[in-house]
Amino acid sequence: MTAPTELRVSKDRRLLTVTFPGHAPFAFPAELLRVLSPSAEVQGHSPEQRVTVPGKKDVAILKVDPVGNYAVRITFDDMHDTGIFTWDYFHTLGHEKETRWQSYLDELAAKGLSR
C-alpha cells in the first residue's frame, strides 16, 4: 500500500483525515479509531477475544507518531496508544467505515453498553 500524502488531525482533535494518492480523503472520527484500534488490547489474538470498547464518545487524539514507512501510532487522550495503524488498515477501514461502525453500534446495544 502506498503511503498517504497527508494525515491531518482536526483542531478539536476529534477527527483524523487520511489522504491517499488518487483517492478522496478518508475522515475518521477519533472515537471510531479508538474503538476499532488494531491493538491486541481491543482486537485480541483471535476473533473470539475481540473486545467491545464502550464510553469513548468524547475521546480525542493527543498525537500521531510515525512507525517506519508503513504506519502510525495514535495516542488518544485516554492514554491508549498500543495500536499500530498501517496504511493498509486505514485504506480498508476507509472503505468499510460505515459497516464497521454499524456493527460496533449493534454490539454496544446487544451488550447494554453506551458510547
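The values are calculated or read from the model by the stated rules, or taken from the named source; none is laboratory data. What you see is a predicted model; the values in this text were computed from it and never measured. Here Cβ is always computed from backbone atoms with ideal geometry, including for glycine, and neighbour counts include all displayed protein chains. Heads up: the accessible areas ignore ligands, DNA and RNA and are worked out on the full protein's heavy atoms, side chains in. Shrake-Rupley method; radii C 1.70, N 1.55, O 1.52, S 1.80 Å.
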Conditions (1) closer than 23 Å to Asp106 by Cα; (2) among the basic types (Lys, Arg); (3) in contact (Cβ under 8 Å) with a residue 24 or more places away in the chain: number failed by Arg13: (1)
Output for region 21-31, where each listed residue is outside any strand (DSSP E or B) and either open to solvent by 10 Å² or more (accessible area, probe 1.4 Å) or charged (D, E, K, R) (or both): Pro21, Gly22, His23, Ala24, Pro25, Glu31
Among residues of region 4-41, those that are in contact with a helix residue (DSSP H, G or I) (Cβ under 7 Å, 6 or more places away or on another chain) and among the β-branched types (Val, Ile, Thr), counted: 2
Selected residue [under 15 Å from Pro4 (Cα atoms) and touching a strand residue (DSSP E or B) at 6+ places or on another chain (Cβ under 7 Å)] from Asp77, Asp65, Asp81: Asp65
Unique residue being more than 13 Å from the chain's Cα centre (by Cα), surrounded by fewer than 17 Cβ atoms within 10 Å (Cβ to Cβ), assigned to a loop (DSSP other than H, G, I, E, B) and not hydrophobic (A, V, I, L, M, F, W, C) when the list is Pro54, Pro66: Pro54
Pair list, Cβ < 6 Å and 6+ apart or interchain, from region 22-44 residues that are closer than 10 Å to Val59 by Cα and small (Gly, Ala, Ser) to residues that are modelled with pLDDT of 95 or more and open to solvent by 20 Å² or more (accessible area, probe 1.4 Å): Ala30/Arg14
Only listed residue being β-branched (Val, Ile, Thr), in contact (Cβ under 8 Å) with a residue 60 or more places away in the chain and either part of a loop (DSSP other than H, G, I, E, B) or crowded, with 19+ Cβ neighbours inside 10 Å (or both), chosen from Val18, Val59: Val18
Set Arg34, Arg8, Arg100, Arg115: member being part of a helix (DSSP H, G or I), of a type in the set (Lys, Arg) and either open to solvent by 80 Å² or more (accessible area, probe 1.4 Å) or in contact with a Leu (Cβ under 8 Å, 6 or more places away or on another chain) (or both): Arg100
Residues (without any contact (Cβ under 8 Å) to a residue 40 or more places away in the chain and not basic (Lys, Arg)) located in region 62-73: Asp65, Pro66, Val67, Gly68, Ala71
